[in-house]
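One structure follows; several queries about it will come next.
The values are calculated or read from the model by the stated rules, or taken from the named source; none is laboratory data. Please read these numbers as outputs of a predicted model, since none were measured by experiment. Cβ atoms come from the backbone with ideal geometry, glycine included; neighbour counts cover every protein chain shown. With ligands, DNA and RNA removed, areas are computed over all heavy atoms of the protein, side chains included. Shrake-Rupley method; radii C 1.70, N 1.55, O 1.52, S 1.80 Å.
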Amino acid sequence: MTRVKASFIHLLICCVIALALGAVMRLLWYPSIYFQALGGAGLVILLVGVDVVIGPLLTLVVFKPGKKSLKFDLAVIALLQISALIYGAHVVYVARPVFLVFSVDRFEIVTASDIDEGELAKAKFPEFASLPLTGPRIVAAEMPKDPKEREALLFSSLETGRDLPHLPKYYVPYSAMKSDILARTKSIDALGDKKNRLLDSVRNAGVQESKLANLGYLVVQGKRQDATAVIDRSDGSVLRLVPIDPAT
């Protein structure tokens, strides 16, 4: 077997692994607009760089038929590549979105790394005491009514960076804050030129024409890019997430 052929076979194996991991990432961990809002492209580049590029290139460099240390060299490359791949997959896993939280006047995408494990045990509702593996759950975060608790929350957010959306003990079912959500929902007319893009996206998603006259929106705050949540103003439900930044 020639050096080029060995490197090519290695590349094919790496591509299969990368495609499988990419499918899990795109279909389960980062569905809908979350891939774009959380900078998924950068994570993919990390995985591709680690899995598809480094391994085959090293094989191309060290492979030589009849070389006494060839098996050892290839084993070291495989070990290094597997270690790097596990690290990359872990980074992608902990950066995955777990909750889409309505908080005050907008939605915020909360990732697994945003939530301290100890905070999960404080959740009032059991469905919010664990992190989902198949895409984020839509929830609402209720501001504490006690002024002292609000003050403590403010100072805690300044100290740790973890605010209301990052604390499951304040999570309530999305439907429980329907009136607050509808009160904060804005008319899609406020989107100006972006309104038609939003309507096209909603139509393509199969939303009935009869519902288009009663649409509103809320901002979805992401780590890399903001997006838009399309709201049915008759019941406050989220019809669709659209990769349109309302502010730009």
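At 30 angstrom or more along the helix axis (alpha-carbon based) and mean Kyte-Doolittle of 1.6 or higher, what helices does the chain contain? Whole DSSP H runs only.
3-24, 70-94
Specify the inter-centroid distance of segment 18-82 and segment 92-117, based on alpha-carbon positions, in whole Å.
First find each Cα centre; the distance between them is then 27 Å.
Still on this structure, I have one more. How far, in nm, would the chain grow between Leu46 and Asp245 when pulled straight, counting 0.36 nm per residue and subtracting the alpha carbon separation?
Computed gain between Leu46 and Asp245 is 69.1 nm.
By per-residue mean of other Cβ atoms within 10 Å, what is the highest-first order of 187-198, 156-167?
156-167, 187-198
With every protein chain left in place, what is the accessible area per residue of segment 1-108 in square angstrom, probe 1.4 Å?
54
Within segment 110-248, how many lysine pairs that are 8 or more places apart, or on different chains, have C-alpha atoms less than 20 Å apart?
Total qualifying Lys-Lys pairs in segment 110-248 comes to 18.
Moving on. Extension gain Phe125-Val61, at 0.36 nm per residue separation less the Cα-Cα distance, in nm?
Fully extending the segment from Phe125 to Val61 adds 17.5 nm.
What order do you get for 131-143, 89-101, 199-211 when each peptide is scored by the mean count of other beta carbon atoms within 10 Å, highest first?
Most protected by this proxy first, the peptides run 89-101, 131-143, 199-211.
Which value at 222 nm does the chain reach when only helices count, each DSSP H run of 4 or more adding -39,500 (n - 2.57), with the total divided by all residues and rounded to the nearest 500 deg cm²/dmol?
-13000 deg cm²/dmol
About its Cα centre, what dipole magnitude does the chain give when the only charges are +1 on Lys and Arg Cβ and -1 on Asp and Glu Cβ, stated in debye to the nearest 20?
In debye, rounded to 20, the chain gives about 1020.
So, one more: Counting DSSP beta bridges with both partners in the chain, what percentage is antiparallel, nearest 5?
Looking only at bridges with both residues in the chain, the antiparallel portion is about 75 percent.
Would you mind checking which residues have amide H under 5 Å from Ile244's amide H? H placed 1.01 Å from N; only 5 or more apart, or other chain.
Thr228
Let me ask you something else. What does the net charge come to around Val92 if you take all other residues with beta carbon closer than 13 Å to its beta carbon, with K and R at +1 and D and E at -1?
Around Val92, the charge tally is +1.
On a full-extension model of 0.36 nm per residue, what is the gain between Asp193 and Ala205, subtracting their alpha-carbon distance, rounded to one decimal in nm?
Using 0.36 nm per residue and subtracting the Cα-Cα distance, I get 2.3 nm.
Given a 1.4 Å probe and every protein chain left where it sits, what share in percent of the accessible area of the chain is carbon and sulfur?
The computed percentage sits at 61.
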